[in-house]
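Following: one structure in structure tokens, then a few remarks.
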Amino acid sequence: MKNSSSNRDLQTLLEAIRASDVVETRVQLLNEVEELHVAEKSEVASLLESLKILWEEFTCLDISQCMLNKTILRMAASYLESDMSGCLENVLGLGIKASIWCGKHLKMTLVSAEESLEEEHSAYFYQLLSDLMKFSASSFSAFAKHPILDGKELMLMVENFVSEQLNLTKDVLMEIKRIPSYGPELQKEAHFVLDSAIRLCKMYYTPVNWDQYRKEEKNCGGSEETDHVNHVINVMKYTIEKLCQLGILAANDGGSLVSVLNLSWKGVVTLLQLGKGALAVKIDVAGILLTLNSLAKESLKCAAEIWSNPLKAVVSVDEAKRIFLPVKFFLINAVRIITQYPSQAFSVFKEITLTVIMISTFRISLSKHELLKPVSVALAETLEPTSVHLLNSVINSAQLRQDEKFKILDWLFGSENNETSGHMPVHENPQFFSLEEIFSVTIDSVDKSIQLLPGRFALFLNILKGASDLDDDIRLGMARKLGWLFGALVDESIYSSVMGIPGSSGSTQGKELVNQSLIYLILHSLKTFIIVVSSTQAWDEVESFLLENFFHPHYLCYEIVTELWCFVFRHADTEVVIDIIDKLCSLLICMAHPVSVLTSSSALRRIARSISMLVTYGLPSVADQIFSSVLNNKRGQFMPSFYAALLMEGFPLDCLSEKMRNSAQKSLVADYFDFLEKFNNDFPKISASETFGTPVFCLSAALQHHQASLSDTDMKTLKFLVAVSRKYRICEDGTLKHSYRWLLIETLWIVSNMKHLYSSDGIEEVILELQTLFISKPYILDNQIFHCKPSLAFFMGGLGNMEFGDSEESARNTAIMELYHMLLRERHWALVHLAISAFGYFAARTSCNQLWRFLPQDAALSFDLECGNEADEDRFMSEMKAFLEKEMACLSMKPSPDQYEMLVTESLMLKEVVQKNLMSPEPGICDPMEIDGDKQANRKRKLPEEITRGVELLQSGLKVMGSGISHWKQIQLGSTDIQDKILTQFSHLEILIADMVSLACRSSHLSDAG
């Protein structure tokens, strides 16, 4: 302790300082005071008070004052490490005044610098500013060692002090680019200030009893302890607010304030985590989350704007990661805050989840641009996993109620009343939206935005894949949203992506995405979800979903449901499998009807198809149980239809036990030959409870699925084929004609699977009969014969097993030539495919060298693909070669724009089928899809009567000419040139008139249907 003489010296010096008007003198006197090493608390307080007054007196800025203020700060800082009790108010007052003064003069100095005033003044000021920031950092460190928790006025001063120091720090960093010479040093000091402020808050936090504080706050009771805690909260609040402002400033700076960016946001997260949720009342946590969310979204939007411009080169992965890493930083910090403040996050969940959807959509859109695919790789690796984690942190909090979690899922994936996305407007090319459009979608337009639908779809799959990390409430909610997934699949943009564009597995190998078809990603996600929820309440919802969609009208959804049922059967207990199979068999028996057996889209066939597929994944005992029940009741009402439907859908006989399999195969052959023996010249009587010719259908199906073999040494099958063809030609009863047509189709299939019959003597009679059926008058008058052409094409392919003589002119060879001419002229894409496949099989095996004779000049593949009206033989050979060698096969899943447009069109047509089915009173039965758009437009347009009458006259004339030619052949022995020419022209005339008759009949049929 100083003696009284020293005390008088201090007082004398202070009085002299206050009395002097010369700044230099005051600086000299202050140096003398500093040499006294004042330690008495009262003297220190008096000294600090005098220093504060000295700072206040001068308002102008000059070099001398800067030197004086530097001395004042140096002297004040020297007391920060000592016991400051009794003089804290003076230190705080000095720091507050100094910060306000420096903030005001910072602006003045910057203006002066722009006016090119004396730079020396600015230099002294920036040195002073640096000293003040050091003083601030030291003050925070001193307060951290000796927390100020006594006296309301003193605590208010501390709060004001913290606020002013951070305000000055923010002002300095805002203008840092305008101070190039001193910028690095000031930025370094600012970093120390922020770090010290954060450490101060941590020290303030440690001794607080937060549980007791919450209890007192709940009871609305005030106490000294409550005042202390409120003081701590206020200090943390001011610090967090300033750190947020600095974080925004650093984010918008463009990179020079990276250290400030990291420190500020990490500090915000750290302090919010310290508060254990108590800060939620005092601090706008939701606003902070929105800020981080906005920073992330704006960064991506800027990148999208840049990449939306025409690019000249591929954007590298490293460049993309450089852009995405700050975004990831913002999202990670948001995740950390949400973990502590789920209620506040729930209040802004729409904004947060919208950004997650945008990121998912952004990645998909980038992958569709060749030069931006590396960017998509970088996003998938760097950003997308973090965004999914962000979403999970919002929806998966244990502190949220179930209804709140369901509310989030409803917003993301539609409410119960709006689970499909089938009513959104169609974009001209929804696969290639502008990247900027993604970030222009607002909260209110998310549900109607087709731009974000791919992102929402991908997000749904990601949630399903990560179901193991979700709680039971979210699993239940997602199980109830599976209908939304199918609704999205119906949309044209999603359907075309699933069918035509590869998806990302979410992982990377090297620099390229691991691509696989989206359909596999969908199935993988659903299977993963099924495994996770199999023992939870959500399984009931999943099972109901699978049962409800057993007859989904959209084929893709139907295939997915079928695959999922197979997956369940593969892993479920035997009792569960048998129970489900029993229910399906009961349903199948209820729906069994003779008419529905022959309709592949009927409910009977679809259930049979599902049972046949599911049995493959069950135990042999399951297959035996089903098949034995069918065999034992095969003679019952409608059971033959049930039996036939199962075999026609490929029921796996190989899954049966050996004894039952042998019995089933013998029964198939025995029933078939028994039917052939009973087939006679009399027209059969068909009951309403059976399908005529069921044994033929069953054997044909078994042969096609390679589940049976047939040895027909007596050529009964060929004789039966001829008999059926003749009955079909002469039959006039519509119902019987329909039955004969189906028998003809299936018998052609049977023969095409029995290669040894092609070398028998009876095959020539079959060929000539088919020529009569398809080429002559009955074909002209029958507009339903085209149903037989697919099976005819397969039959024709087997003719390559016959022996041919190149120079042989026979009725058989002529018939084969004419049949191939007919098939190869067909211009329907499916028949073109079948005809070329059959001819390719024939050409690869036949001994005939003059194959050109089987090719008509006007074959479908010889026409120009664009205009369609120019036939060229070279073009045919080129197209055929490419087809047979599969050179046109697409080895990579990269659709062209034309292919994509076709997928979109196909999806729109399928969507109409789905919507029509939803309104249909009979679920599970859907009408055939119209393929040709022109047919729909012209459905009710009937040809004028004059044209119809003219066609009839042409038919009559053709008949008369045919009779005359036959008579001429009988009286004219041999062949003459004129006879050959007339026969050739007559043949061409037959084809031409046949086409006109077909058009007239089709027009009449469509008109009647309309």
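Here are the numbers:
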{"quantity": "Listed residue pairs exceeding 18 Å between alpha carbons, taken from Lys405/Lys481; Lys527/Lys916; Lys104/Lys170; Lys170/Lys321", "calculated": "Lys527/Lys916; Lys170/Lys321"}
{"quantity": "Amide H contacts under 5 Å for Phe863, placed H, 5+ residues apart", "calculated": "Asp872"}
{"quantity": "Net lengthening on full extension, Arg875/Leu325 (0.36 nm per residue, minus Cα-Cα)", "calculated": "192.5 nm"}
{"quantity": "Theoretical FRET efficiency, 1/(1+(r/R0)^6), r = Cβ-Cβ of Lys716 and Arg827, R0 35 Å, to 0.05", "calculated": "0.40"}
{"quantity": "Restraint check, Lys202/Lys266; Lys719/Lys755; Lys97/Lys282; Lys97/Lys266; Lys666/Lys719, Cα-Cα greater than 20 Å", "calculated": "Lys97/Lys282; Lys97/Lys266; Lys666/Lys719"}
{"quantity": "Virtual paramagnetic centre 7 Å along Cα→Cβ of Lys755, amide N under 18 Å, in the range 833-862", "calculated": "837-848"}
{"quantity": "Gain in span if fully extended, Ser709 to Leu523, counting 0.36 nm per residue against the direct Cα distance", "calculated": "63.3 nm"}
{"quantity": "Förster-model FRET efficiency, 51 Å R0, Asp540 and Asp253, C-beta, rounded to 0.05", "calculated": "0.40"}
{"quantity": "Likely footprinting exposure, Arg475, Arg949, Arg74, fewest C-beta neighbours within 10 Å first", "calculated": "Arg949, Arg74, Arg475"}
{"quantity": "Sites Ala843 and Glu912 - FRET efficiency at Förster radius 35 Å, r taken between beta-carbons, to 0.05", "calculated": "0.30"}
{"quantity": "Additional length obtainable on full extension of the chain from Glu32 to Glu437, 0.36 nm per residue less Cα span", "calculated": "138.8 nm"}
{"quantity": "Net charge contributed by nearby residues that have their C-beta within less than 11 Å of Thr562 (K/R +1, D/E -1)", "calculated": "0"}
{"quantity": "Taking Thr528, Thr361 and counting other C-beta atoms within 10 Å, the order from fewest to most", "calculated": "Thr528, Thr361"}
{"quantity": "Exposure proxy ranking, count of Cβ atoms within 10 Å, fewest first, for Met155, Met108", "calculated": "Met108, Met155"}
{"quantity": "Average Cα contact separation per residue, the range 286-548, under 8 Å, 6 or more apart, as relative contact order %", "calculated": "21"}
{"quantity": "Simple label model, 7 Å out from Cα along Cβ direction - Thr772 to Ile730, nm", "calculated": "0.9"}
{"quantity": "Estimated distance in nm for a label pair at Leu110 and Gln402, the labels positioned 7 Å out from Cα along Cα-to-Cβ", "calculated": "5.7"}
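Quick note: the coordinates plus some simple rules give every number you see, no bench work behind them. From a predicted model like this one, the values you see are computed outputs, not experimental measurements. Counting neighbours? That spans all protein chains shown, and the Cβs are built from the backbone with ideal geometry, glycine included.
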